[in-house]
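Scroll down for the structure; my scribbles are underneath it.
The values are calculated or read from the model by the stated rules, or taken from the named source; none is laboratory data. Just so it is clear, the structure is predicted and the values come from calculations on it, not from any experiment. FYI the Cβ positions are ideal-geometry reconstructions off the backbone, even for glycines, and counts take in every protein chain you see.
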Amino acid sequence: MNIITYFFEFYLLIKEAIDQILMTRPTDNRNNVLDRKSSVLSLFDLIIAARFPATIAVPTPKIKRIIVKSNAKGSFISYIMIMNMFEVNKIVDIFLKYQISTEKDTSNYLIRPMEGGITNTSFIVSVNNFTYVIRIPGNNPDVINRKAEKHNMKKAEELGITLPSIFFDEDSGIKISEYFDIYTYSKSDFQNNTMRENALKKLKELHESNIIFQENFSPLTVFRNIADESSNLELEAKEAGEKIIVKLLDIGIESRPCHQDLYHGNFIIYKDETLLIDWEYSSMGDIYFDYADLFWQNEFDHDLDLRKKTLEEIGIQSIENKEKFEYFEVLSMITWGLWAMKRSSNSPHGKKALNNAITLLENKN
């Protein structure tokens, strides 16, 4: 082995070790970046990078999705994503295919992963002085109807309750939008009277609109399709769901445009206005499921005062209305509990949700 080969292999060994350190730091796991200003990194630069790894910038009240900051002062290493070339090339190919950009040189793209997202993977992509967000769908356990999602999202855009998109491929589910400086809700934000009021107001605007969503996802039926009957727990949850449907049909079910995935991260603030995003599960449905889903996914039951206050704000006060709401709340647990189990058969979150749902239904009967 000649001296040049020796040093080159030593360089690769050191670089791989440092990449592993940067990628496995608990606080940096999703957003580590390096931005390369020279094509060849010096050993000195690698040592500097190891001593001063990339760190996530502290979010401000209006900026939750923020660029990663580096403390590698004086180094030639600036900010480039630590992600494999397959991902980079895939994203660049998508931008070229859909004519979002004509730039073919991958080194002219700055690509950063976005926080959040359970099934889908999203990236912030900067190229030619423009910044975009691209969503690349993963495997959905309930097989989302992307054509319906696109239609429903466009209707929500026309209503002015969501952010606009640039491109949506209804076959692949790939969506590209302009990057907006937004604030994303956290669970605790619903304890803030103004933020909760704004979120409920936007939801009411959707429910009381005249738009017609295409059928996509129905909590009244989806649990039947995703339950694994070879699992005693899932079979019991499915049977509980069937009992709930009988009760709800007896009470009466309405059909209005609904979001149906009111996880806190789907409420955002843009230019001081609260909006809804992510319309994968939107469909015509009963607004009681939307409200029940909002409560359960954001743990309103952990704060009884918040739960009581919000029920008053949305007008659910009578014994009959509360009963309908509670049945939908259990149905939400079953729906997302089975969804979690479909993604991972040993999901502790899924098992907990299903056990809670079964217990609550037993206590109601």
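Quick notes on this structure:
Per-residue answers, yes or no, for (1) more than 25 Å from Glu280 (Cα to Cα); (2) out of contact with any His (no Cβ under 8 Å at 6 or more places or on another chain); (3) buried (at least 22 other Cβ atoms within 10 Å of the Cβ):
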{"position": "Leu331", "(1), (2), (3)": "no, yes, yes"}
{"position": "Leu338", "(1), (2), (3)": "no, yes, yes"}
{"position": "Arg343", "(1), (2), (3)": "no, yes, no"}
{"position": "Asn346", "(1), (2), (3)": "no, yes, no"}
{"position": "Gly350", "(1), (2), (3)": "no, yes, yes"}
{"position": "Ala353", "(1), (2), (3)": "no, yes, yes"}
{"position": "Leu361", "(1), (2), (3)": "yes, yes, yes"}
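- Residue within segment 103-117 that is at pLDDT below 95, over 30 Å from Leu203 (Cα atoms), out of contact with any strand residue (DSSP E or B) (no Cβ under 9 Å at 6 or more places or on another chain) and outside any loop (DSSP other than H, G, I, E, B) present: yes
Table: residues versus (1) closer than 26 Å to Thr102 by Cβ; (2) hydroxyl-bearing (Ser, Thr, Tyr); (3) in a strand (DSSP E or B).
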| residue | (1), (2), (3) |
| --- | --- |
| Ser126 | yes, yes, yes |
| Arg135 | yes, no, yes |
| Gly138 | no, no, no |
| Lys150 | yes, no, no |
| Lys155 | no, no, no |
| Ser177 | yes, yes, yes |
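- Search result, residues across segment 306-329 that are buried (at least 17 other Cβ atoms within 10 Å of the Cβ) and either among the charged types (D, E, K, R) or not assigned by TED's automatic domain parsing to the domain that holds His349 (or both): Lys324, Glu326, Glu329
- Residues in segment 314-328 that are outside any helix (DSSP H, G or I) and in contact with a helix residue (DSSP H, G or I) (Cβ under 6 Å, 6 or more places away or on another chain) were compared, and the one that is nearest to Ile212 (Cα to Cα) is Ile314.
- In summary, helices (runs of 4 or more DSSP H) completely within segment 179-289 and bearing 2 or more residues that are within 17 Å of Met333 (Cα to Cα) occur at 222-226, 232-251.
- Hey, Lys342 at pLDDT below 95 and either within 24 Å of Glu254 (Cβ to Cβ) or assigned by TED's automatic domain parsing to the domain that holds Asp290 (or both) or not: yes
- The single condition among (1) touching a residue at least 24 places away in the same chain (Cβ under 8 Å); (2) assigned to a helix (DSSP H, G or I) that Leu311 does not satisfy is (1).
- Residue list for segment 245-281, restricted to those being crowded, with 22+ Cβ neighbours inside 10 Å, modelled with pLDDT of 95 or more and over 18 Å from Glu205 (Cα atoms): none
- Some residue of segment 290-308 being small (Gly, Ala, Ser) and not in a helix (DSSP H, G or I): no
- Any hit, segment 162-183, residues being among the polar types (S, T, N, Q), in contact (Cβ under 8 Å) with a residue 24 or more places away in the chain and under 17 Å from Ile277 (Cα atoms): yes
- Residue selection: Ile212 fails the criterion of being of a type outside the set (Asp, Glu), buried (at least 17 other Cβ atoms within 10 Å of the Cβ) and modelled with pLDDT of 95 or more.
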